[in-house]
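One structure below.
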Amino acid sequence: MNKNINDKELIEQIRKGDEKAFKQLFLTYYAPLCEYASQYVSDVDSEELVQDLMLFLWETRENLFIETSLQSYLFVSTKHRCLNAIKRNQFHERIHDQIYEKIKDQFEDPDYYLVNELSENIRKAVQELPDTYRETFILSRFGEKTNQQVAEKLGVSVKTVEYRISQSLKILRHKLKDYLPLLITMLN
C-alpha cells in the first residue's frame, strides 16, 4: 500500500474494509490522539477513549463520511469523547456525593450496623419470652411504666413485676450474650 496516500483515498479504502488502510490510520493517529486526550482525562482514560473511537470508525466504516480533514475529524471527535467522559464522571460523582450525604452518618458510626442487628435480635428475644414475662417486660422497659403502674395494669403485686423483669433480663442476657456490652447500655 502507498504510504503517501491522501485522506480521501484512505477513508475510501477504510470504507471498503481495507484493514491495511485502517492500520495506517491507527498507527498514524493513535499516539497523537492519546496525547491530545490526556490533556482532558487521565492517560488510561485517554487511551481507552481513543481505542473506542478507532473501534467506532472500523465498525461504522461503511457509513464513514468525513467532510473536514481526517485529522481535524479525529481530533474533534476525540475532544467530544473526552468532554462526554468528563460529564459522565461529574454526574457519577454528583450522584455518589448525594448518596453519601444521605447515608454518611451510618458510615461514620461504627456501631450503626451492630445496633441495628442488636435491635432486631432484642425484638426476637423479647418475643420468645414466656407470655407473662414478655408482657411485663414490654410495659416496663418499652412502655416506660413504673413497676407500680405495671403491677396495677396486670393485677399482680410489685414483687411479681420485679421478679418477671429480673427473669426476663436473665433470659435476654443469656440469649444476647454476644451483644452484652452494647445491651447493658440499652436495657438499663
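All conditions in (1) at pLDDT below 90; (2) outside any helix (DSSP H, G or I) hold for residue 119, with the sole exception of (2). Of the residues examined, residue 79 is one that is assigned to a helix (DSSP H, G or I) and within 27 Å of residue 12 (Cα to Cα). Scan the stretch 43-53 and tell me whether some residue there is exposed (fewer than 12 other Cβ atoms within 10 Å of the Cβ), under 33 Å from the mean Cα position of the chain (by Cα) and among the charged types (D, E, K, R). Yes: one or more hits.
The values are calculated or read from the model by the stated rules, or taken from the named source; none is laboratory data. Quick caveat: nothing in here was measured; it's all calculated off a predicted structure. All Cβ positions, even for glycine, are placed from backbone atoms using ideal geometry, and neighbour counts span all protein chains on display.
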